[in-house]
Amino acid sequence: MSDLVHLTIDGKPIEAPAGTLLIDAVRKYGIEIPAFCYYEGLALQAACRMCLVEVEKMPKLQTACTLPVAEGMVVRTETPVVADARKAMLELVLTNHPLDCPVCDKGGECELQDMTFRYGAGEGRFNETKQHIDEKQWSPVVFFDRPRCILCYRCVRICNEGMGVAALGIANRAVTSEIIPNEADHLNCDECGMCIDVCPVGALTSGPYRYKTRPWEMDHIATICAHCADGCKTTLGVRNNSIIRANNRDHSGLNGDFLCVKGRFAFDYGASQERLQTPLARVDGKLEPISWTRALKTIAAKFGEVRQRGGAFGVIGSNHTTNEENYYLQKFARQGLGTNNIDHHRTGDVITLIDALAGKGGQLATVEDIYNAPAVVVLGCDLSHQHPMLAYQLRANVRHHQAQIYPITPGPVREDNQATRSLRVDKGGEVEALGSLAAELKQAGGVVILYGDPVKGDAVRKLVDFGESLGVPVKYVALVDYSNSRGAIEMGLTPELLPGMTPSNTGGMRIGQMLASTDLDVLWVVGANPLKNRAALAGKPFLVVQDLFRTETAEQADIVLPAGSAYEKNGTVTNVCGQVQMLKKGIGAMGTKTDLDIFALLAKEMKLDLGPATPDALLAEIRTTVKGYDVVLAVLATGGAAMTGVNGPVAIDVPVDAIHSANDTMYTSGSISRYSKALTSLMEYPGELYSGKSK
Amino acid sequence: MLYNKPDPQEVKVLTRRFGLENSASIDTYLATDGYQGFLKAREMTPDDIITEVKTSNLRGRGGAGFPTGMKWGFVPRTSPKPKYIVVNGDESEPGTCKDRLLIENDPHQLLEGMMIAGLAVDAHAGYVYIRGEYRYLIDILDKAIAEAYSRGWLGKNIQGTGFDFDVYTQTGAGAYECGEESALLESLEGKRGVPRIRPPFPAVSGAFQCPTVLNNVETYSAVPSILRDGGAAFASLGTPRNGGTRLFCLSGHINRPGVYELPMGFNLLRMIEEVGGGVWRGKKLKAVIPGGSSCPVLTADECDLAMDYDTLAKAKTMLGSGGVVVMDEDTCMVKAAMRIMRFYAHESCGWCIPCREGTAWLRKLLIRFHDGGGARSDIDLIGDVARNMLGRTFCPLGDAAAMPTISFVEKFRGEFEAHLAGRPCPHEHADHLALV
């Protein structure tokens, strides 16, 4: 396939690997062949007939989307015949199109508009009655307007091939053909909105976004999704300081075009009515609003007093805050408060993996590796639910590279549909079951192994031993839950480890111990909700909570500080694979401060010298001081993902009992998702999927 | 049963058993040289079978006229995949009604043709895909298949020759598009009947992604006699490069409509005058569609033609499926064009833009035009829209709609002009249209 063939396009000699489709081959030479139905990575349709080109020695015009390049081929894309064909297709497709561009959400970023402008006729000759079919609402987030639809079938294919859901199909025939949802009048699916994203026209529109704005009235801010650990790039459409839309507009980043239901619709949690807008303090047993100044002074005074008398602090960090915030928080705790009682909710065993891979290097898989590996094994995780983007890449790998897939889980998962073989094992038996795959994996010539929280401690070591025994390149991903779960470990939010997974060699309390302790004088909870499923703290520490909402933990606090969300700050986060990406502030929220600003103000109030506290300065510090984080700034700054190089050995005893995934589903994301109006409006996909929670 | 009396000018090869008592039964078949072609083919190598079919100059009877032997030769016989024989019995071209007679009167001839194709390409299973509206044929065919199984002419080790062959029947659900070979295969596999991207062609990747021979009922039905009597004998019946006979379906304004088996190259005017008994009611001939509704129309002056693929191609029309539609002098050609377009607009599968939107547009435009709501510019527009579809659609259905339309406008422009605003259709009194 890699042999280069030479051909001529519009008189220009070009070359491309044999087998490349003409429509792809010309792109890098700056030649555009227009198409509606062609969508990279999905099955070919040749339905829109926009990509017709003249090919010498072929009597009819050929579709560039289905034509593989061949040696000596002579192609012309800009002849009067081709121009006439394009114009004709546009005139035809516009015959039944409502031309309601002035009120169409897609107006301004519509491929049909663009193509008509570039290739179309100024005047239509269609003088008959247009066919009308009423608009339909398929779900709270998906609307379908048949008259606008050009039947390119991108939505059908992305749902079927990309998502593995196949919730869309085609009904009727001829001009009455129509896209239909799987439940006759509504959708029963992931509600990921990929169909909306790939729609070249305004036929599929997003419930929350409809009629809110014209696209050009928004600022488009590229940042990283705040929900799961996969680290999808998302472009926030911001207008009047509110987020109206999220999509990965330029298809860059790890996720390409992909966003799941959370990424696409659950950006609205920060705009919840329940959002805190002022600090609260406990007065007569009730939380009452107070000013930022008083709140910070009270906390600083309390912290100062406890530190002075050698009292005990406990600090619980977050899986959602940035690397800079986490780094600064552990510095605050260790240097400022003199405590090593610092922890966060651990959702996967990364540490043992890093230790087990000590000295080997290059064995942590990136998202790209999951897309390219000849074989992928998933241990103990419902990947489509908990890591939708990784599951999407895995399906793409099967489609494009015929990868072998082996889910080893307690119950059925969507990956079974793509699987070479699925193994059902009891929780904890995953690694043992791997043995039966050894021969197949060896033969595949390369493996990426993803493992969920049932695999921890010694099981991880056994897993790595197994991988080593295969004699082929094996890479690993320790699956963790949230947008910066990985960064929390690597920035030192555990008592065992300093930043860069350097053993601290100092004792310290873990979350469970802090919650159960009766000796703590202060408990400082930043962006976490440890009391979600717990009645109360054992002791009576002075409880400070930084959060967006009055969570179960905040309800018990002495002081609550309203914090900024991930969409309201700058910084970096590290995804499940260990790839660092940059957050960019999209909006501000009235009355709140970012966690980093809160730390900085507290430090100032306490007259602590913890160094500069801006995202830029802290990133510079992290890049120079934290092991494995010497990432290239230019990569981050240009919206790329930089792989970290944290390396072992990590000579500590990993407290495996402290590791447990929250087993979020496609529609949940810790304590955040319940505040998203979009998410709570949706029925959960009741498919055959096993959710970790049921086990 | 038969629907018309045979004509003395007919050359009965495929229809030789038509009219015999119980012509569909295996006893009649065996008593009249049935399955002899198969037994002969069993003694031959696959290459020799294909050579014999090539010698016969048999060309695909579905419409495109592709040389059958050559098509069989494209099948990779050594492929480890199973190979399939698929019969296109989705006869739905308006004006065509021959395949049903072949199945109804001589189903074993079709089965034998399939078996010979199976020998030629090492296939051991065949599917007969029959048009949904022809449901009654399924009973006839299933009965013939059951007979063949019980008498050892299908199944394992056929007549001790060591050759296995199974046949299955499948009905369509009423879509013209499923007569297009790749859409037929999709439908056969239980999917939506839309065409596939080609290449790969069915010979390489057809039914269930396996190498497949796909021919029309009439094509397969010609094969037993070719093997039995030799390809040269069949070829000699027709004209050079157009071997054998053809079942012509005469319909429209004609005295003796019916299906007649005539040698390839038979003159069209003679066919109308002598075989069909001339235009009805003593009327004059106005136009003929020579090969089913998708072929460009011929004016009366153009009809002195030999009916074979090459001559008709030279006359810028097609032999097509053999559906000869005769139109008398009272026919409104605008209405005929409108009726044809109504059919294609209804039958377009909707897959590609030009066919889906073009046929719908032309249908509305022609209806309006025929009703007297047309403007002079609409006459050119009809041709323009059709030309915008021509050669640009995903499958030949778009061409099938565009070609006759273009020919109607070009050849009968005067009639279109006669329909211009305010003037009623000059043929409003004509009570019959050739295509209904």
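Let me know the whole percent of all Cα-Cα pairs from region B:333-432 that are separated by more than 15 Å.
When every Cα pair of region B:333-432 is considered, 55 percent fall beyond 15 Å.
Under 16 Å from the 7 Å Cα→Cβ point of A:Gln273, by amide nitrogen: which residues of region A:658-684?
Residues A:674-681 fall inside that zone.
If you average 1/r over all unlike Cα pairs in region A:350-479 and invert the result, what Kirkwood radius do you get in angstrom?
14.2 Å
If I model a spin label as a point 7 Å beyond the Cα along the Cα-Cβ vector, how far apart are those points for B:Tyr168 and A:Ala301 in nm?
Spacing of the two 7 Å Cα→Cβ label points: 8.5 nm.
Students often forget the sequence filter, so: which lysines lie under 25 Å Cα-Cα from B:Lys12 once same-chain residues fewer than 8 apart are removed?
B:Lys40, B:Lys54, B:Lys98, B:Lys143
State, as an integer percentage, the relative contact order of region A:350-479 based on alpha-carbon contacts under 8 Å between residues 6 or more apart.
Relative CO of region A:350-479 lands at 32 percent.
With the crude spin-label approximation of a point 7 Å out along Cα→Cβ, what separation in nm comes out for A:Asp134 versus A:Asp219?
Label at A:Asp134, label at A:Asp219, 4.2 nm between them.
So what does A:Leu601 come to for accessible area, using a 1.4 Å probe and Å² rounded to 10?
So the heavy atoms of A:Leu601 present about 60 Å² to solvent.
Between chains A and B, what is the buried accessible area in Å², counting both sides, with a 1.4 Å probe and ligands, DNA and RNA left out, to the nearest 100?
Summing both sides, the interface buries roughly 2900 Å².
In region A:4-93, how many lysine pairs have Cα atoms under 22 Å apart, counting only pairs 8 or more places apart or on different chains?
Here the count comes out as 4.
What's the FRET efficiency of A:Leu99 with B:Leu269 using the Cβ-Cβ distance as r and R₀ = 56 Å, to the nearest 0.05?
0.65
Pairs A:Lys297/A:Lys532; A:Lys331/A:Lys604; B:Lys284/B:Lys316: which are spaced more than 21 Å apart, C-alpha to C-alpha?
Going by Cα-Cα distance, A:Lys297/A:Lys532; B:Lys284/B:Lys316 fall outside the 21 Å limit.
Determine the order of A:Lys233, A:Lys286, B:Lys40, A:Lys456 by accessible area, beginning with the largest, at a probe radius of 1.4 Å.
A:Lys286, B:Lys40, A:Lys456, A:Lys233
What percent of all Cα-Cα pairs in chain B falls into each 20 Å bin, going from 0 up to the bin containing the maximum distance?
Bin by bin from 0 Å, the calculated values are 27, 56, 17, 1.
Specify the inter-centroid distance of region B:372-408 and region B:224-299, based on alpha-carbon positions, in whole Å.
Value for the Cα centre distance between the two parts: 27 Å.
Going by a 1.4 Å probe on protein heavy atoms, which residues of region B:368-397 end up with at least 50 Å² less accessible surface in the whole assembly than in their chain alone?
Buried-area filter returns B:Arg368, B:Asn388, B:Arg392.
With a ≥ b ≥ c taken as the square roots of the eigenvalues of the C-alpha gyration tensor of region B:26-236, please select rounded if a/c is under 1.5 and otherwise prolate if a/b is larger than b/c or oblate if it is not?
Rounded shape, in that the Cα axes give a/c under 1.5.
Give me the mean projected area, in nm² to one decimal, of the convex hull enclosing the Cα positions of region A:153-246.
7.4 nm²
What does region A:51-140 give for Rg and for Dmax, in Å, if only its C-alpha atoms count?
Cα-based Rg and Dmax for region A:51-140 come out at 17.0, 52 Å.
Whole angstrom only: what separates the Cα centroid of region A:448-517 from the Cα centroid of region A:363-434?
First find each Cα centre; the distance between them is then 20 Å.
Just counting partner chain Cβ atoms within 10 Å, what average do the residues of peptide A:87-95 show around their Cβ?
Taking all residues of A:87-95 together, the mean is 6.
Where does chain A land at 222 nm, in deg cm²/dmol rounded to the nearest 500, when only DSSP H runs of n ≥ 4 count, each adding -39500 (n - 2.57), divided by all residues?
Computed ellipticity for chain A at 222 nm equals -6500 deg cm²/dmol.
What does DSSP give for chain A in terms of the percent of beta bridges that are antiparallel, rounded to the nearest 5?
Percentage antiparallel, nearest 5: 55.
Given a Förster radius of 25 Å and the C-beta distance between A:Ala536 and A:Val283 as r, what FRET efficiency does 1/(1 + (r/R0)^6) yield to the nearest 0.05?
It comes to 0.80.
If you line up the Cα atoms of region A:4-93 on their principal axes, what length do they span on each, largest first, in Å?
That gives 37, 30, 24 Å along the principal axes, largest extent first.
Among the listed pairs A:Lys456/A:Lys584; A:Lys106/A:Lys677; A:Lys427/A:Lys475, which have their C-alpha atoms separated by more than 26 angstrom in this model?
A:Lys456/A:Lys584
Residues in region B:1-45 near a label at B:Asp139, defined as backbone nitrogen under 20 Å from the 7 Å Cα→Cβ point?
B:1-3, B:19, B:21-27
On average, how much accessible surface per residue is there in region B:1-151, in Å², for a 1.4 Å probe, leaving out ligands, DNA and RNA?
With the other protein chains kept in place, region B:1-151 gives 40 Å² per residue.
Using a 1.4 angstrom probe on heavy atoms only, work out the carbon and sulfur share of the accessible area of region B:132-171 in %.
Answer for region B:132-171 is 48 percent, counting heavy atoms of protein chains only.
Determine, from the Cβ-Cβ distance of A:Lys360 and A:Asp657 and an R0 of 30 Å, the FRET efficiency 1/(1 + (r/R0)^6), rounded to the nearest 0.05.
0.65
Where the accessible area of region A:106-207 is counted over protein heavy atoms with a 1.4 Å probe, how much of it, in %, is carbon and sulfur?
Roughly 49 percent, rounded to a whole number.
For the protein assembly as shown, what is one quarter of the convex hull surface built on the Cα atoms, given in nm²?
The orientation-averaged projected area of the Cα hull of the protein assembly as shown comes to 49.6 nm².
Using unit Cβ charges (K, R positive; D, E negative) and no other charged atoms, how large, in debye to the nearest 20, is the dipole of the protein assembly as shown about its Cα centre?
Charge dipole, the protein assembly as shown, about its Cα centre: 1200 debye, nearest 20.
Could you work out how far helix B:353-368 tilts from the main Cα principal axis of chain B, as a 0 to 90 degree angle to the nearest 10?
Orientation of helix B:353-368: about 40 degrees from the principal axis.
Per residue, how many Å² of accessible area does chain A show with a 1.4 Å probe?
37 Å²
Which percentage, to the nearest 5, of the DSSP beta bridges contained in region A:539-695 is antiparallel?
50 percent
Quick check: pseudo-label points 7 Å beyond the Cα along Cα→Cβ at A:Ala70 and B:Tyr149, how many nm apart are they?
4.4 nm
Starting from the Cα of A:Leu44, step 7 Å toward the Cβ, then list every residue of region A:12-29 with an amide N under 20 Å from that point.
A:14-29
So what is the 222 nm mean residue ellipticity for chain B from helices alone, if each DSSP H run of at least 4 adds -39500 (n - 2.57) and you divide by all residues, rounding to the nearest 500 deg cm²/dmol?
Taken over chain B, the calculation gives -11500 deg cm²/dmol.
The values are calculated or read from the model by the stated rules, or taken from the named source; none is laboratory data. Not measured: the values here are computed from a predicted model. Backbone-built Cβ (ideal geometry, glycine too); neighbour counts: all protein chains shown. The accessibility values were calculated without ligands, DNA or RNA, using every heavy atom of the protein model including side chains. Shrake-Rupley method; radii C 1.70, N 1.55, O 1.52, S 1.80 Å.
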